[in-house]
1. What percent do you get for the relative contact order of the chain when only Cα pairs under 8 Å and 6+ apart count?
2. Quick one: divide the alpha-carbon radius of gyration of segment 73-119 by 2.2 N^0.38 Å and tell me what you get.
3. For E74 and V89 in one chain, what is 0.36 nm times their gap in residues minus the Cα-Cα distance, to one decimal in nm?
4. I want to verify a result. In a Gaussian network model of the chain, Cα cutoff 10 Å, which of these has the top mean-square fluctuation: V151, V91, V138?
5. Mean separation of Cα pairs under 8 Å and 6+ residues apart, divided by the residue count of segment 73-119: what relative contact order is that in percent?
6. Cβ under 13 Å from A72's Cβ, A72 left aside: what net charge do those residues give with Lys, Arg +1 and Asp, Glu -1?
7. Please give the contour-minus-distance gain from V136 to E43: 0.36 nm per residue of separation, less the Cα-Cα distance, rounded to one decimal in nm.
8. Using a Förster distance of 45 angstrom, determine the FRET efficiency expected from the C-beta separation of N59 and S82, and round it to 0.05.
Amino acid sequence: MTITSDSVVTLHYTVSTEDGTTLDSSEGKSPLVVLLGRRFLIEGLEDALIGKSKEDSFNVSVTPEKAYGERADELVQTVPRSMFDGMDVEVGMSFRATTPQGEQSVIIIETTDEEVVVDGNHPLAGIPLTFDVSVVDVREATQEELEHGHVHSEGGCGHDH
């Protein structure tokens, strides 16, 4: 079966940066099982899977635009430390922030006695990624999976909709 936008795909992957640094891998773990076309994977990887079949292996380079986007300088902001209500904040901590565009994750990248610098960019924004992928299996999604928008294991999805 050829992979299409509504296929359930089981795959093994390794994702790395251009310099070969491995960021994540399913090697030695269970393969990833995903319903394509529902934005569970980055756009560039989904695009590369379309048209492939069971047992295909391939390598694809994904630009930031088709991964986590380019870095946006306006998403790095300095805010008063008082916004954290006396919390002991440290570099690397992440929080959910309310913005005019809705909820957004931010990471603390710098602190002083009076201010905290937060970054709303995804940690992989602006970074080209390389995926090594092996397609383990492909099947048609069930009608229920399509309606729910995610893969179900044997016996259903385990929750009510």
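Derivation of every value follows stated rules applied to the coordinates shown; laboratory data play no part. Fair warning: this is a prediction, and the values are worked out from it, not measured in the lab. Neighbour counts are summed over all protein chains in view; Cβ atoms, including those assigned to glycine, are modelled from backbone coordinates with ideal geometry.
1. The value is 34 percent.
2. Rounded to two decimals, the normalised Rg is 1.06.
3. 3.2 nm
4. Residue with maximal mean-square fluctuation among V151, V91, V138: V91.
5. The normalised contact order for segment 73-119 reaches 45 percent.
6. So the surrounding residues net to -4.
7. Computed gain between V136 and E43 is 31.5 nm.
8. 0.40
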